[in-house]
Amino acid sequence: TVIVFFMSFLAVQGYRKKELIVIGLCFISMVFITYLLVGIGAFVFLYRLEKFWLVTKIINVSIGLLSFVLGSFALYDFFKFKKTGKTEGLTLQLPLAVKNQIHKIIGLHYRVNKAAEGNSQKRPLLKLILSALITGFLVSILEAVCTGQAYLPTITFVLKTSHLKIQALGYLLLYNLMFITPLLLIFFSALFGATSEQFSGVLKKHLLTVKILMAIVFFGLGIFLIWRA
């Protein structure tokens, strides 16, 4: 939803397709880099705790229980959406305050004052790239409120299944590549004319399947982490 809003906002502000490509790719690249660094930091922290058996066990059990809670939320969202057909009020989504903050950040960096600047074509490419990187970083940190729900259990899962640091890094790279794949697909679809209404329609059409899959992943991670703890 963030990348859809971002691309729609840029189009309304009058940015050219060349500028959209540069901004979009830089934004997505920074999302990838930010989450990868966050993942490496969390992994190193948990890896060092392996020496403290009791602390590690408490953390593993806590994250396992959290996974069960999140799985229950996913099931709640499944039945709520099935009953109402509306996305409002679903549990596992970005809080409204975070969404508003993300919109504010995007507007701060990319709202065009046409009276002062004439049009977006006068903006230096380097400034657009720098703004995209800053925006990607800030948005990623804010989105961690939501994405961290799956990321932290996944990192713990990787730690419990990978005995080699290089192998663990490979898994983190794979996870984050898969994480930005939908962003890339939506980004290029938007470039070729897909609208936010179409994206919303696709999301609603498959939301029940997504929620069931999320529940299965969360319950699976919870069982595994508590079992291994």
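The values are calculated or read from the model by the stated rules, or taken from the named source; none is laboratory data. Worth saying up front: this structure is predicted, and the values here are computed from it rather than measured. No Cβ is skipped: glycine too gets one built from the backbone with ideal geometry, and neighbour counts run over all protein chains shown. The accessibility values were calculated without ligands, DNA or RNA, using every heavy atom of the protein model including side chains. Shrake-Rupley method; radii C 1.70, N 1.55, O 1.52, S 1.80 Å.
List, largest first, the extents of the alpha carbons of region 1-121 along their principal axes, each in whole Å.
62, 43, 21 Å, listed from the longest principal axis down.
Taking the Cα centre as origin and putting +1 on Lys and Arg beta-carbons and -1 on Asp and Glu beta-carbons, what dipole magnitude results for the chain, to the nearest 20 debye?
Numbers: 23 positive and 7 negative charges, 33 e Å.
The dipole of the chain has a size of about 160 debye.
Percent of accessible area on the chain owned by carbon and sulfur, 1.4 Å probe?
It is 72 percent, rounded to a whole number.
Gap in Å between the Cα centre of region 170-229 and the Cα centre of region 1-68?
13 Å
Which of F68, L49, V12 sits farthest toward the positive end of the charge dipole of region 1-91, with +1 on the Cβ of Lys and Arg and -1 on the Cβ of Asp and Glu?
In region 1-91, that residue is V12.
Considering only protein heavy atoms, what per residue accessible area in square angstrom results for the chain with a 1.4 angstrom probe? Could the numbers behind the result be given before it?
On the way: 13010 Å² over 229 residues.
Per residue, the chain has 57 Å² of solvent-accessible surface.
Helix 2-12 sits at what angle to the longest principal axis of the chain, using alpha carbons and giving 0 to 90 degrees rounded to 10?
0 degrees
Using Cα atoms only, what is the angle between the long axis of helix 165-191 and the major principal axis of the chain, expressed in degrees (0 to 90) to the nearest 10?
Tilt relative to the chain: about 30 degrees.
Cross-link list K80/K211; K17/K99; K83/K205; K99/K127: which exceed 18 angstrom alpha carbon to alpha carbon? Please report the intermediate quantities before stating the final value.
Numbers: K80/K211 11 Å; K17/K99 25 Å; K83/K205 14 Å; K99/K127 24 Å.
Checking Cα-Cα distances, K17/K99; K99/K127 exceed 18 Å.
Place +1 on the Cβ of every Lys and Arg and -1 on the Cβ of every Asp and Glu in region 116-229, take the dipole about the Cα centre, and give the residue among F179, T195, L142 whose Cα lies farthest towards its positive end.
Result: F179.
With angles folded into 0 to 90 degrees, how steeply does helix 96-110 sit against the dominant principal axis of the chain? Use alpha carbons for both and round to 10.
Orientation of helix 96-110: about 40 degrees from the principal axis.
Once phi is turned into θ = phi - 60°, what whole-Hz ³J(HN,Hα) does the Karplus curve with 6.51, -1.76 and 1.60 give for every residue of region 30-44, x standing for Gly and Pro?
Per residue, the Karplus-derived 3J(HN,Hα) values read 5, 4, 4, 5, 4, 5, 5, 5, 4, x, 5, x, 5, 5, 4 Hz.
Can you tell me the convex hull volume per residue for the chain, based on C-alpha atoms, in Å³ to the nearest whole number?
129 Å³
For region 191-229, run through the chymotrypsin sites (Phe, Trp or Tyr not before Pro) and keep only the ones in DSSP coil with at most 16 other Cβ atoms within 10 Å of their Cβ.
Within region 191-229, the qualifying chymotrypsin sites (Phe, Trp or Tyr not before Pro) (loop, at most 16 other Cβ atoms within 10 Å) are F192.
If we sort 171-179, 25-33 on the protection proxy, mean other Cβ atoms within 10 Å, highest first, what's the order?
Per-residue Cβ counts within 10 Å, averaged per peptide and sorted highest first, yield 25-33, 171-179.
Could you give me the ³J(HN,Hα) list for region 193-209, computed from phi with Karplus coefficients 6.51, -1.76, 1.60 and θ = phi - 60°, whole Hz, x at Gly and Pro?
In residue order, the calculated couplings are x, 5, 9, 5, 5, 5, 4, 4, x, 5, 4, 5, 4, 10, 4, 4, 5 Hz.
Relative contact order, percent, of the chain when contacts are C-alpha pairs under 8 Å separated by at least 6 residues?
Over the chain, the number comes to 46 percent.
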